[in-house]
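These notes concern the structure reproduced below.
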Amino acid sequence: MIRNFVYLRANTVKEALDFLDQHKDDCKIICGGQSLLILMRQGLVAPEYLIDIKNVEELNYINFDPKDGLKLGATTTHRTIEKSSLINENYRVLVDMEKNLASVQTRNWGTIGGNLAHGDPTGDPGPVFIALNSTVKMATRERERTMPIEEFFIDYFETALEEGELLLEVQIPVIPPKTAVSYEKFNIIKNDQGIVSVAASITTEANGLGCKDARIVLGAAASTPIRAKKAEQMLIGQKLGDKLLDKVSIKASEEADPVPDIHASEEYRRNLIKALTKKMVKKSWEQAKTLA
Ligand SMILES: Cc1cc2nc3c(=O)[nH]c(=O)nc-3n(C[C@H](O)[C@H](O)[C@H](O)COP(=O)(O)OP(=O)(O)OC[C@H]3O[C@@H](n4cnc5c(N)ncnc54)[C@H](O)[C@@H]3O)c2cc1C
C-alpha cells in the first residue's frame with residue numbers, strides 16, 4: 001500500500017528546484033512514475049512530498065546541432081526519442097535501443113531523465129549513452145553542473161544526483177567520422193530488461209582497416225553500466241579478425257562483475273557477455289569501415 005504523501009506539481013524548472021530545496025529531506029521527484037510507483041507500492045520508498053515534473057515543458061525537447069550534437073531534455077519520453085526522425089538520421093543506435101525498451105505504454109509515459117535517475121544497472125539507455133561519450137547536466141537552486149555520464153552511475157540504484165538536485169539534460173556529442181555504435185540486450189521476455197547488454201562504439205582508421213578508437217560498455221553486468229577498458233585497449237591499432245574478436249570478448253567477460261539471480265547464473269551471464277561483445281564489436285566495426 002502506498003503511504004500518504006503531499007503532491008506538488010511543478011510547471012517550471014525553477015518551481016521544481018524551489019520545491020526540492022524546501023523539502024529536500026523527504027521528497028521524491030516523479031515524472032512518468034513507471035519506476036518510482038513500483039517502489040512506492042512495495043513500500044521501499046515512502047516520501048512525504050512527491051514533486052511532479054511531468055508538466056515541465058522546458059525539459060521536454062530534442063535539440064540537434066551539427067557541431068554541438070544532440071541535447072535531450074530530462075522529461076522527453078522514450079517514445080518521443082524512438083519516433084524522432086532527427087535522431088534516427090544522426091543517432092540510429094538510440095532509436096534501435098528505444099524500440100526494445102519496455103512496452104509502448106511504458107515508453108509513452110516513461111522519460112529518459114527518469115530512467116537515468118533511477119540508476120537501474122539493467123537500464124538500456126545508460127550503456128548506449130556511455131558508448132556515445134555523453135554528459136549529463138544537473139542543477140540545484142544554487143548551481144548547475146555537468147559530468148560525463150560514465151561517472152553518474154555510482155552503485156545499484158544510486159547515482160551522482162545529490163539532495164535537492166534535478167537532472168536536466170543529456171548531451172550527446174556528434175559521432176566522430178568512421179565511427180559506428182551498436183547495442184543489443186539479451187532478454188527472456190521480449191522488450192523486458194536485459195539479462196545482460198552490450199554497446200560498442202568503434203572508430204576505424206581512414207582506410208577502414210585498423211581500429212582507431214573503441215568503447216565497449218556492459219549493461220546488467222555489474223552494479224552499474226561499466227566499460228570493458230582492457231578489452232577496448234586490445235582493439236586499438238589492430239585489424240578485425242576472428243581471433244582478435246575471441247580474445248576481446250573473453251577479456252570483456254572477465255572485466256564484468258555479474259551477480260547471479262533467479263534469471264541467470266554468473267557463468268551464464270559471462271557467456272552472454274562474451275557472445276554479445278563479439279557480435280556488437282563486429283557489427284560496429286563492419287559498419288564503421290563503410291562510412292565516409
Ligand atoms: C513494465 C516495465 C518494463 C520496463 N522495461 C524496461 C526496459 O526494458 N529497459 C529499461 O531501460 N527500462 C525499463 N523500464 C523502466 C522504465 O522505462 C524507466 O525506468 C522509466 O523510463 C523511468 O521514467 P519515469 O519518467 O517513469 O521515471 P519515474 O518513475 O517518475 O522516476 C524514476 C526515478 O527517477 C527520479 N527522477 C525522475 N526524473 C528525474 C529528474 N529529472 N531529476 C532527478 N530525478 C528524477 C525519481 O525520483 C525516481 O527516483 C520498465 C518499466 C516498466 C514498468
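The values are calculated or read from the model by the stated rules, or taken from the named source; none is laboratory data. Not measured: the values here are computed from a predicted model. Ideal geometry is used to build each Cβ from the backbone, glycine not excepted, and the neighbour counts take in all protein chains shown. Accessible surface areas use protein heavy atoms only, side chains included; no ligands, DNA or RNA. Shrake-Rupley method; radii C 1.70, N 1.55, O 1.52, S 1.80 Å.
Couple of notes before you dig in:
- Protection proxy ranking of 133-140, 38-45, 198-205, 98-105 - average other beta-carbon atoms within 10 Å, highest first: 198-205, 133-140, 98-105, 38-45
- Label zone of N207 (point 7 Å out along Cα→Cβ, amide N under 19 Å): in region 252-292 this covers 285-292.
- The separation of region 231-292 from region 1-67, counted between C-alpha centres, amounts to 37 Å.
- Within the accessible area of region 203-292 (1.4 Å probe), percent carbon and sulfur: 51
- Evaluated at q = 0.18 Å⁻¹: base-10 log I(q)/I(0), Debye formula over Cα of region 120-196: -0.84
- Global form of region 170-291, assessed from the alpha-carbon gyration tensor, a/c cut-off 1.5: prolate
- The residues of region 82-151 expose, per residue, 41 Å² of accessible area to a 1.4 Å probe.
- Interchain or long-range residues, amide H under 5 Å from L168's placed H: K137, M138, A139
- Using alpha carbons only: equivalent-ellipsoid semi-axes of region 1-152, gyration tensor based, whole Å: 26, 18, 14
- If the chain linking E58 and D192 were pulled fully straight, counting 0.36 nm for each residue of separation and taking away their Cα-Cα distance, it would gain 45.2 nm.
- Spin-label proximity, K14 to region 128-151 - amide N less than 20 Å from point 7 Å beyond Cα toward beta carbon: 138-145
- The simple Förster model, with R0 at 51 Å and r as the Cβ-Cβ distance, assigns N108 and K229 a FRET efficiency of 0.90.
- Annotation: the antiparallel percentage among DSSP beta bridges lying fully within the chain is about 85.
- Fraction of accessible area attributable to carbon and sulfur, region 75-143 (%, probe 1.4 Å): 44
- Full-stretch length increase - F5, D257 - with 0.36 nm per residue and alpha-carbon distance subtracted: 86.9 nm
- With respect to the chain, whose longest principal axis is taken over its alpha-carbon atoms, helix 266-290 is tilted by about 70°.
- Virtual spin-label span in nm between L37 and K67, 7 Å along Cα→Cβ: 4.4
- With respect to the chain, whose longest principal axis is taken over its alpha-carbon atoms, helix 13-22 is tilted by about 70°.
- Over the chain, dividing the summed -39,500 (n - 2.57) contributions of all DSSP H runs of at least 4 residues by the number of residues returns a 222 nm mean residue ellipticity of -10000 deg cm²/dmol.
- Calculated accessible area for region 168-265 comes out at 45 Å² per residue, all protein chains present (probe 1.4 Å; ligands, DNA, RNA ignored).
- Column: log10 I(q)/I(0), Debye, Cα scatterers of region 213-284, q = 0.13, 0.25 Å⁻¹: -0.33, -1.10
- Stokes-Einstein diffusion for the chain at 37 °C, viscosity 0.692 mPa s, with a Kirkwood radius from C-alpha pairs, works out to 167 µm²/s.
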